[in-house]
1. Determine whether the stretch 39-54 contains at least one residue that is part of a helix (DSSP H, G or I) and at pLDDT below 90.
2. Could you check the stretch 63-83 and list, in sequence order, the residues that are more than 28 Å from K209 (Cα to Cα) and either out of contact with any helix residue (DSSP H, G or I) (no Cβ under 8 Å at 6 or more places or on another chain) or at pLDDT below 55 (or both)?
3. If the requirement is being modelled with pLDDT of 95 or more and more than 15 Å from D23 (Cα to Cα), which of these qualifies: D194, D198?
4. Are any residues in the stretch 69-82 surrounded by fewer than 17 Cβ atoms within 10 Å (Cβ to Cβ) and either touching a Cys at 6+ places or on another chain (Cβ under 7 Å) or part of a helix (DSSP H, G or I) (or both), and if so, which ones?
5. What number of residues within the stretch 150-179 satisfy the criterion of being more than 13 Å from the chain's Cα centre (by Cα) and of a type outside the set (A, V, I, L, M, F, W, C)?
6. State whether one or more residues within the stretch 90-109 are more than 14 Å from the chain's Cα centre (by Cα) and modelled with pLDDT of 85 or more.
7. For the stretch 10-67: of the residues being among the basic types (K, R) and crowded, with 17+ Cβ neighbours inside 10 Å, which is nearest to A197 (Cα to Cα)?
8. Is it the case, given these coordinates, that G85 is free of Cβ contacts under 8 Å to residues at least 24 places away in the same chain and either part of a strand (DSSP E or B) or among the small types (G, A, S) (or both)?
Amino acid sequence: MYYPGNPIAIRKGKYRGVIRKADLTYDISKKLQVKIEKLGGRCIQTRVEPCKPTWHGRYINLLRRAEIANKSGANILLDIHANSGLRYHRGYQIFIPCRSKRRWKVKFMKLKHLNLCNKNLVFYKSLTLAKSIDRYLYRFYLKAKGIPPSFPQPIYVSKFKVIKYARMPAAIIEYGYMTSRHEMDLLADEDYRDRMADYIVVTIIEYFKK
């Protein structure tokens, strides 16, 4: 999708006007960092460059991000991503760490499924964090007529490596699909990204109040 003149789009060459996932996500994470630090918090970026274009290189890259988070003594880890899929795929998704080999929808998990997960304080704090994120992103969806929760529900448990190796409560936020024209048009708008960052910051404040 092309967005000529957009501040975060590629400016020159063959792909001029294209917005890359890396640039989109970096812009949102920088907005989050500025807002958190204005409130007196500490925010550490874990983006690691370069990443070798191999499975091993990607594994080392993801492991390094978790390592930075663990050594920093952070209270929570948020892994920010944009999603991709088929054209009809829609909505934001949230993932929390679990030892299960399968990806479960939290809403439909039974006790036997929960027993496969990290039955410790980190897992349940991650679940609390994910529910708070979902609540505020849903409010943002209603208020801004923006990106809805993924159907049939947005919270999942998974073995994604960054959150799997984190020692603190952790969650991945897939804030929308870049393969959806409607969602990408919203994400390309700087004001929309700024307001979304505001809602995520409120999520963090609510989590620590609890």
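1. no
2. R64, N83
3. Criteria check complete, one pass: D198.
4. Those that are surrounded by fewer than 17 Cβ atoms within 10 Å (Cβ to Cβ) and either touching a Cys at 6+ places or on another chain (Cβ under 7 Å) or part of a helix (DSSP H, G or I) (or both): N70, K71, S72.
5. Final tally of qualifying residues: 11.
6. Yes; the residues of the stretch 90-109 include at least one that is more than 14 Å from the chain's Cα centre (by Cα) and modelled with pLDDT of 85 or more.
7. Once the filter is applied, the top-ranked residue is K31.
8. For G85, the condition - free of Cβ contacts under 8 Å to residues at least 24 places away in the same chain and either part of a strand (DSSP E or B) or among the small types (G, A, S) (or both) - is not met.
The values are calculated or read from the model by the stated rules, or taken from the named source; none is laboratory data. Computed from a prediction, not measured in an experiment: that's the story for all the values here. All Cβ positions, even for glycine, are placed from backbone atoms using ideal geometry, and neighbour counts span all protein chains on display.
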